[in-house]
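The values are calculated or read from the model by the stated rules, or taken from the named source; none is laboratory data. What you see is a predicted model, and the numbers here were worked out from it, not measured in a lab. A quick note on method: Cβ atoms are made from the backbone with ideal geometry, for glycine too, and the neighbour counts reach across all protein chains shown.
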Amino acid sequence: MRFSVYGFGPIGRLILRVALKRGWEPVAVIDIDESMVGRDAGSLAGVGDVGVRVSKDPSALDGSEVVFHATTSWLDKAEPQIMEAVRRGASVVSTCETLAWPWHRYPEIAKRIGDAALDAGVTVIGTGINPGFLLDTLVAVLSASVGPVKRVDAVRYVDPLRRRESFQKKVGIGLTTEEAERALREGRISGHVGFAESAHLISRFLGVVPDEVSEWQNVIDSGGKCAGVEGGARAVYKGREFVNIRFVAKAGVSEGEVIRVVGEGGEVVWRSTGTPGDYGTAAVVVSVAAAIDDVPAGLATMVDIVLLRPGFSY
């Protein structure tokens with residue numbers, strides 16, 4: 001696989017490392033950070049020289065089979081970057097959370113990207129650890145043994161103090177509770193992005209179009225200081241909630257995930273002691289790229305990658 005990385009922050013560097021471990025060939029690394037431009041990407045990622053220097057010029061993407069895109073959570077900002085890769089004949093696997101189910105927030109952009117990818121004969125997909133795997137695709141896999149499914153409850157606990165600085169900032173660590181609440185309202189911090197996208201993905205894995213998908217997010221107070229953010233989403237069909245997911249990013253919390261699926265065949269509960277979010281994101285996007293040739297051209301989701309359909313019991 002000939003690959004490039006578009007966005008070379010902490011996640012982009014991990015993606016490079018994981019892809020190199022698979023024996024894939026790097027073509028280009030794109031980033032606008034002047035401190036990185038011209039330097040060997042491998043050295044920046046801690047793996048030694050790989051013969052590819054960081055560039056600001058997207059034309060360096062030429063010859064890539066797949067572009068790993070890791071620059072932003074918001075599809076309106078990511079669209080021109082994704083389109084650049086598509087125009088150059090590359091499939092795109094992006095960590096952009098709102099691309100995981102883009103029709104929820106950006107239906108018009110989704111159509112433009114889908115049409116362009118179809119015309120170019122390439123595939124575009126948004127994925128990662130969450131949304132993309134833990135609170136949606138993994139739910140579908142677990143549901144297969146007890147479906148049709150009546151209800152899904154899933155929660156993830158993350159300690160932001162154990163994560164990269166950019167994650168700490170987006171959940172308000174270092175701010176007072178009042179400052180964080182204002183910043184969250186005004187969009188200066190995002191908290192977690194992708195609750196609704198995960199709820200949509202679960203719904204489509206189950207084969208149901210929900211009547212309503214809503215999400216929420218609140219600052220966690222600790223003596224006047226922001227300890228993080230808690231949020232979630234719910235999906236409703238014919239007046240009944242059948243999906244409820246939560247994400248708790250709180251300083252000092254015991255990390256882990258719990259997924260509970262109730263189906264016609266009984267109940268399954270899955271627990272973990274915590275999933276490394278950054279490495280997990282890199283591992284998931286590289287795994288998806290390995291299967292990209294098996295996915296039809298156009299705009300795809302994880303529902304197109306994982307073909308399990310547990311079914312829905314109303």
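Numbers for the structure displayed
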| quantity | calculated |
| --- | --- |
| Those strands (runs of 3 or more DSSP E) lying entirely in the range 198-314 with at least 3 residues assigned by TED's automatic domain parsing to the domain that holds Arg112 | 298-300 |
| Residue match in the range 184-204 (condition: among the aromatic types (Phe, Trp, Tyr), at pLDDT 95 or above and on the phi < 0 side of the Ramachandran plot) | yes |
| Candidates Val66, Val52, Val93, filtered to the one that is free of Cβ contacts under 8 Å to residues at least 60 places away in the same chain and of a type in the set (Val, Ile, Thr) | Val52 |
| Top-ranked residue of the range 182-217 - restricted to ones that are touching a residue at least 40 places away in the same chain (Cβ under 8 Å) and among the charged types (D, E, K, R), ranked as farthest from Gly126 (Cα to Cα) | Arg204 |
| From Val93, Val67, residue being in contact with a Leu (Cβ under 7 Å, 6 or more places away or on another chain), buried (at least 18 other Cβ atoms within 10 Å of the Cβ), hydrophobic (A, V, I, L, M, F, W, C) and not assigned by TED's automatic domain parsing to the domain that holds Arg188 | Val67 |
| Residue count for the range 22-49, restricted to those that are surrounded by 17 or more Cβ atoms within 10 Å (Cβ to Cβ) and assigned to a loop (DSSP other than H, G, I, E, B) | 4 |
| Whichever residue in the range 200-228 is farther than 25 Å from Arg163 by Cβ and of a type in the set (S, T, N, Q) and, among such residues, is surrounded by the fewest Cβ atoms within 10 Å (Cβ to Cβ) | Ser214 |
| Residue in the range 136-147 that is of a type in the set (S, T, N, Q) and either in the same structural domain as Gly63 (by TED's automatic domain parsing) or under 25 Å from Gly239 (Cα atoms) (or both) present | yes |
| Of all residues making up the range 287-311, the number that are farther than 25 Å from Lys21 by Cβ and in contact with a strand residue (DSSP E or B) (Cβ under 6 Å, 6 or more places away or on another chain) | 3 |
| Number of positions in the range 98-118 that are over 18 Å from Ile292 (Cα atoms) and touching a Pro at 6+ places or on another chain (Cβ under 6 Å) | 1 |
| Test: residue in the range 162-174 that is touching a Ser or Thr at 6+ places or on another chain (Cβ under 9 Å) and in a loop (DSSP other than H, G, I, E, B) | yes |
| Filter result for the condition that a residue is over 17 Å from Val284 (Cα atoms) and either out of contact with any Leu (no Cβ under 9 Å at 6 or more places or on another chain) or without any contact (Cβ under 8 Å) to a residue 24 or more places away in the chain (or both), over Ala78, Ala41, Ala45, Ala28 | Ala78 |
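A quick yes/no check of all residues on (1) over 22 Å from the mean Cα position of the chain (by Cα); (2) within 30 Å of His104 (Cβ to Cβ); (3) of a type in the set (Phe, Trp, Tyr):
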{"residue": "Phe8", "(1), (2), (3)": "no, yes, yes"}
{"residue": "Lys21", "(1), (2), (3)": "no, no, no"}
{"residue": "Val27", "(1), (2), (3)": "yes, no, no"}
{"residue": "Gly42", "(1), (2), (3)": "yes, no, no"}
{"residue": "Val50", "(1), (2), (3)": "yes, no, no"}
{"residue": "Ser55", "(1), (2), (3)": "yes, no, no"}
{"residue": "Val66", "(1), (2), (3)": "no, yes, no"}
{"residue": "His69", "(1), (2), (3)": "no, yes, no"}
{"residue": "Ser73", "(1), (2), (3)": "no, yes, no"}
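Matching residues to (1) under 26 Å from Phe8 (Cα atoms); (2) of a type outside the set (Phe, Trp, Tyr); (3) in contact with a Leu (Cβ under 9 Å, 6 or more places away or on another chain):
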| site | (1), (2), (3) |
| --- | --- |
| Arg156 | no, yes, yes |
| Gly174 | yes, yes, no |
| Glu178 | no, yes, no |
| Gly207 | no, yes, no |
| Asn218 | no, yes, yes |
